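Q: Quick one: the structure is below, questions incoming.
The values are calculated or read from the model by the stated rules, or taken from the named source; none is laboratory data. Being a predicted model, the structure only gives us computed values, none of them experimental. FYI the Cβ positions are ideal-geometry reconstructions off the backbone, even for glycines, and counts take in every protein chain you see. The area values use the complete protein model at the heavy-atom level, side chains included, leaving out ligands, DNA and RNA. Shrake-Rupley method; radii C 1.70, N 1.55, O 1.52, S 1.80 Å.
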Amino acid sequence: MYLFMFKQFLRTKTCIFGLSIVLLLGLVSILVGKQFLVRQEKAIDEVIEKQAAHIERNLDHHSDDIGLLLYYLKFALVNKATPLAALSIGQSDVHPKVQRVKILTLEGQKYDSDLVNPVKLLYGNLDLGFLIVNVFPLLIIAFTYNLRSEEVESGTWRFVQVMSRSRFRFLFAKLSVRAVLLFSALILLFMLASLILGIPWNDPFFAFLLTAVFYLIFWFVLSYGVVSLGRNSNFNALTLLALWLCLVILLPAALNNFVNTRHPIPEAFSSMIKQRNGYHQKWDTNKRKTLEAFYARYPQFESYGYPPEEGFNWRWYYAMQHLGDEAALETRQLMQEKVALREKISKGWARFVPSLHAQLVLNDLAGTNLSNYTNFLDETDRFHERMRLFFYPKIFSEVNAREINWQEFSPEYVAYNQRIEWQKILLPLLIVTLLLIVVSRRRIQ
């Protein structure tokens with residue numbers, strides 16, 4: 001009987017068309033992810049290639065004035081994307097993966113990003129994560145909305161009641177046929193993605209796959225729950241589509257609007273304004289007061305003394321630059337705290353919205369989430385600090401730039417180490433699915 005159900009459903013136009021579409025879109029999404037990785041690698045290769053040429057070119061012009069040379073030089077820090085990022089691009093197309101910073105004020109440099117077509121940002125990326133969260137549920141609805149009602153409407157449900165030992169087992173058998181086909185398509189896409197994108201079969205990859213599996217199981221159970229109400233096909237289809245609209249679009253949008261309204265971040269703009277004011281005001285402050293504030297922060301440099309008030313001096317200039325960042329420090333820290341609070345609240349509420357939870361988990365596993373970007377900004381702060389503390393003594397003592405081994409300054413990389421917390425990833429999906437199973441099981445015996 002099960003084999004007969006399988007063959008019967010496999011011949012239907014709905015099955016053929018639905019599987020063809022999802023496999024085609026899946027292949028396209030993998031190729032989109034491949035293009036994303038290629039663009040990232042190309043940008044990184046260009047940075048590696050051009051940084052040495054950039055240093056050498058400026059060295060030819062300003063080797064006799066190291067202060068002026070370091071005014072122009074930029075040093076690269078790379079947030080290298082993992083292959084898994086191609087499956088869930090997330091916010092990586094907006095946030096830069098490469099920071100090229102000078103040792104001047106940092107706040108005005110951190111948030112520079114490439115120009116991106118706003119139309120492309122509006123439509124987003126067709127990655128595999130989008131397909132899993134948005135498209136697969138629609139296919140599940142198309143496969144299951146008439147699971148019971150077609151038997152009633154064709155007049156065969158009475159025969160099922162008489163011939164079958166359990167109506168639940170009969171419907172479960174029909175449901176499992178559809179599940180086998182869809183999960184086979186999903187696993188096939190993951191195998192293709194691993195092959196095409198070079199994704200290793202490690203813990204993040206399996207966590208990504210299991211999140212997708214548990215999420216689709218939730219939708220199968222939800223569809224079964226609606227079918228178990230015993231209504232007609234039109235009612236089932238409209239109800240399931242309404243649920244899809246609420247879970248995939250309305251609730252995430254409402255939650256995003258709530259979090260943004262409840263926890264606004266005006267500091268995102270005021271931080272840069274304070275940095276600029278903090279720096280420009282130093283032009284009207286005497287050099288000694290500026291350097292006193294700088295030496296209070298870095299007492300190891302006080303031995304370099306104070307320059308005369310008249311004339312320009314690089315020691316004063318770089319101290320003035322750093323104090324601009326110091327003026328914005330409190331605002332920047334407050335902004336980071338609010339961003340972290342926003343993400344914490346979003347993840348807390350997402351546990352009750354499976355579609356949002358799945359999307360956030362997929363982005364977390366791929367390293368394309370907001371936390372990854374904020375961590376990269378923190379690493380940029382530390383990188384900028386290391387570069388400043390290395391070059392300040394060279395500038396203050398006015399060494400010849402040719403005495404420095406510039407070949408040591410190749411782009412640095414930030415590694416993304418994702419800690420897999422299986423309970424936080426899978427438990428929210430499992431709990432809501434089990435609750436739906438209990439409710440649905442009692443409706444059809």
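Q: Would you call PHE391 touching a residue at least 60 places away in the same chain (Cβ under 8 Å), in contact with a strand residue (DSSP E or B) (Cβ under 7 Å, 6 or more places away or on another chain) and surrounded by fewer than 22 Cβ atoms within 10 Å (Cβ to Cβ)?
A: no
Q: State yes or no: is LYS80 in contact with a Lys or Arg (Cβ under 9 Å, 6 or more places away or on another chain) and modelled with pLDDT under 90?
A: Numbers: in contact with a Lys or Arg (Cβ under 9 Å, 6 or more places away or on another chain): yes; modelled with pLDDT under 90: yes.
Yes.
Q: Check region 222-238 and report whether any residue there is within 31 Å of the chain's Cα centre (by Cα) and modelled with pLDDT of 85 or more.
A: Yes: region 222-238 contains one or more residues that are within 31 Å of the chain's Cα centre (by Cα) and modelled with pLDDT of 85 or more.
Q: From the list ALA366, ALA401, pick out the single residue that is out of contact with any Pro (no Cβ under 6 Å at 6 or more places or on another chain), farther than 27 Å from SER88 by Cβ, aliphatic (A, V, I, L, M) and crowded, with 19+ Cβ neighbours inside 10 Å.
A: ALA401
Q: Checking ALA350 against (1) open to solvent by less than 50 Å² (accessible area, probe 1.4 Å); (2) closer than 30 Å to LEU73 by Cα, which single condition isn't satisfied?
A: The one condition ALA350 does not meet is (2).
To keep it simple, each residue is scored yes or no on (1) outside any loop (DSSP other than H, G, I, E, B); (2) surrounded by fewer than 19 Cβ atoms within 10 Å (Cβ to Cβ).
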| position | (1), (2) |
| --- | --- |
| ASP60 | yes, yes |
| ASP64 | no, yes |
| GLY67 | yes, no |
| LEU70 | yes, no |
| LEU77 | yes, no |
| ALA81 | no, no |
| SER88 | no, no |
| VAL94 | no, yes |
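Q: Would you mind finding the one in ALA81, ALA52, ALA86 that is small (Gly, Ala, Ser) and more than 25 Å from LEU356 (Cβ to Cβ)?
A: One residue alone meets the criteria, ALA52.
Q: Let me ask something else about it. Given the conditions (1) open to solvent by less than 40 Å² (accessible area, probe 1.4 Å); (2) at pLDDT 85 or above, report the number of the one that PHE9 does not fulfil.
A: (2)
Q: Still on this structure, I have one more. Quick check on region 96-114: of everything there that is in contact with an Asp or Glu (Cβ under 7 Å, 6 or more places away or on another chain) and outside any helix (DSSP H, G or I), which residue is farthest from THR368 (Cα to Cα)?
A: Once the filter is applied, the top-ranked residue is THR105.
Q: In addition: Given the structure, is GLU379 of a type in the set (D, E, K, R), open to solvent by 20 Å² or more (accessible area, probe 1.4 Å) and touching a Ser or Thr at 6+ places or on another chain (Cβ under 7 Å)?
A: For GLU379, the condition - of a type in the set (D, E, K, R), open to solvent by 20 Å² or more (accessible area, probe 1.4 Å) and touching a Ser or Thr at 6+ places or on another chain (Cβ under 7 Å) - is not met.
Q: Test ARG386 against the criterion of being open to solvent by 70 Å² or more (accessible area, probe 1.4 Å), out of contact with any helix residue (DSSP H, G or I) (no Cβ under 8 Å at 6 or more places or on another chain), within 29 Å of PHE294 (Cα to Cα) and of a type in the set (D, E, K, R), and give yes or no.
A: Judged against the criteria, ARG386 is a match.
Q: Then there's this: Could you list, ordered by first residue, the pairs with Cβ atoms under 9 Å in which the first is in region 172-190 and more than 23 Å from SER29 (Cα to Cα) and the second is polar (S, T, N, Q) and not in a helix (DSSP H, G or I), at least 6 apart or interchain?
A: As it stands, the answer is PHE172/SER166, since those pairs meet every condition given.
Q: Only one of LEU334, LEU341 is surrounded by fewer than 18 Cβ atoms within 10 Å (Cβ to Cβ), of a type in the set (A, V, I, L, M, F, W, C) and out of contact with any helix residue (DSSP H, G or I) (no Cβ under 6 Å at 6 or more places or on another chain). Can you tell me which?
A: Being surrounded by fewer than 18 Cβ atoms within 10 Å (Cβ to Cβ), of a type in the set (A, V, I, L, M, F, W, C) and out of contact with any helix residue (DSSP H, G or I) (no Cβ under 6 Å at 6 or more places or on another chain) holds for just one of LEU334, LEU341, which is LEU341.
Q: Of all residues in region 412-423, which are in a helix (DSSP H, G or I) and in contact (Cβ under 8 Å) with a residue 24 or more places away in the chain?
A: Across region 412-423, the qualifying residue is only TRP422.
Q: For the subset of region 12-43 comprising residues that are more than 18 Å from the chain's Cα centre (by Cα) and charged (D, E, K, R), which member is surrounded by the fewest Cβ atoms within 10 Å (Cβ to Cβ)?
A: Out of the qualifying residues, it is LYS13.
Q: Let me ask you something else. Restricting to region 280-335, what's the tally of residues that are free of Cβ contacts under 8 Å to residues at least 12 places away in the same chain and of a type in the set (Lys, Arg)?
A: Qualifying residue count, region 280-335: 1.
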